[in-house]
Amino acid sequence: MEQEQVWIQQALRGDKEAFTRLIEAYQTPVYNLAYRMLGNAQEAEDAAQEAFIRAYTRLRTYDPTRKFASWLLSIASHYCIDRLRRRRFNLISLEELPPWQGIASERPQPEERLIENQKRDAVQSLLATLPPHYRAPIILRYWYDFSYREIAEVMNLTESAIKSRLHRAREMLVRAASQADEDKMPTTIGAVQTARGGG
Amino acid sequence: MTSNVQASKPCPQFSEQMSLALDHQLGAAAERELREHLRTCDACQAQWDALQRVERLFTTAPLISPPAGFTARVSARLVRRESRQHIVFGALSLVVGALILVPVALASAGKIVRPLYSLYLLMTTPAAWRGLFVITELLSLVESVLNALRLTIVACIRSPGVMVCLTYNLAVLVLTALWLRVLIGRLLRPVSVLRQA
């Protein structure tokens, strides 16, 4: 934490090397957020890069009393939400989901790897059914273990709004999972559990 | 179980409580009440089970890391973005500088035309008059320049606004020169890089 503040101060004085250290420290959280929000590796890479560049150019607006991670993820999540809105569709059905274009390879894979890929597909398919402003709180809750207050800070919303969004998002996820189970889509929770030998 | 969720809706008063319970934000009493309700309500129990399945799926999903070399790619993009901003800023300075220098150039034009005309006359008049003509015109030119300098100095002393304007013009000229230096350096760089390659 101490070291992080030193890097921030150095970056503010124009030290790019110090900012590089910050990128190294936060590349996975920022990339993961972009990946979970946007659903494919190429767009996630571009969005994560843009989030870091925006953070660098706005570093003077960072309030040191806040957690740097929250501030950085706030930039990334707002950028991803804007990007999703520009795509001109907020809600897509499971049938409309594109084939998986992520890191999964075409080669035969060991069973564990296959299960992991199916699980990742299932997670992304479910996330893709949520509108962007519901997707972000869910991601921050599950992958970053943020409290309601922290999510509210990142999203510039009240805690009660976050509670409401998480509740509604979970309802949507349950409906989407049920729908996928009924349609017997390969990328569902059921399929993952079957591949594990029922669970 | 899935069909249960769709067949009958969970009770609205417990629906949000389930979400709070998953986040451990429900008080002990409220959680006890929820547990008791789940034992008696099939729709709510089915919803709770479905929520927990989603919960398990999401809580066990790992963080995904970017492909190797991410930091270097961001740094390179940052450098590109900054140099583009410098070029835009330089071009803007150049345009502003040029716009400011246009009236200055127009004002000087009057002073330039007369000596040029004199020079023309000098070339066309008989040789006897040339010497006298040259001296007269040179004296006239020196007088004009000295007069202009005197007026500028007096104006600068009397009006601080002119001083600011001149300083600004000077700054614009310096910025324009710097920008041209950067631009020329940038134009030449690819050639040197290619040579190195």
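The values are calculated or read from the model by the stated rules, or taken from the named source; none is laboratory data. Since we're looking at a predicted model, the values are computed, not measured. All Cβ positions, glycine included, derive from the backbone under ideal geometry; neighbour counts span all protein chains shown. SASA here: full protein model, heavy atoms, side chains in, ligands and nucleic acids out. Shrake-Rupley method; radii C 1.70, N 1.55, O 1.52, S 1.80 Å.
The table for this structure:
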| item | result |
| --- | --- |
| Failed criterion for A:A44 (all others in (1) on the phi > 0 side of the Ramachandran plot; (2) surrounded by 23 or more Cβ atoms within 10 Å (Cβ to Cβ) hold) | (1) |
| Residue in the range B:72-101 that is nearest to the other protein chains (Cβ to nearest Cβ), counting only those that are of a type in the set (S, T, Y) and in contact with a Phe, Trp or Tyr (Cβ under 9 Å, 6 or more places away or on another chain) | B:S75 |
| Residue in the range A:180-188 that is modelled with pLDDT of 60 or more and crowded, with 17+ Cβ neighbours inside 10 Å present | yes |
| Test: residue in the range B:27-42 that is open to solvent by 40 Å² or more (accessible area, probe 1.4 Å) and either in contact with a Leu (Cβ under 7 Å, 6 or more places away or on another chain) or touching a residue at least 40 places away in the same chain (Cβ under 8 Å) (or both) | no |
| Matching helices (runs of 4 or more DSSP H) fully within the range B:1-53 where at least 2 residues are at pLDDT below 90 | B:2-7, B:12-22 |
| Residue that is nearest to the other protein chains (Cβ to nearest Cβ) [pool: residues in the range A:105-119 that are surrounded by fewer than 21 Cβ atoms within 10 Å (Cβ to Cβ) and assigned to a helix (DSSP H, G or I)] | A:E116 |
| Residue check, A:A11 open to solvent by less than 10 Å² (accessible area, probe 1.4 Å), modelled with pLDDT of 95 or more and not aromatic (F, W, Y) | no |
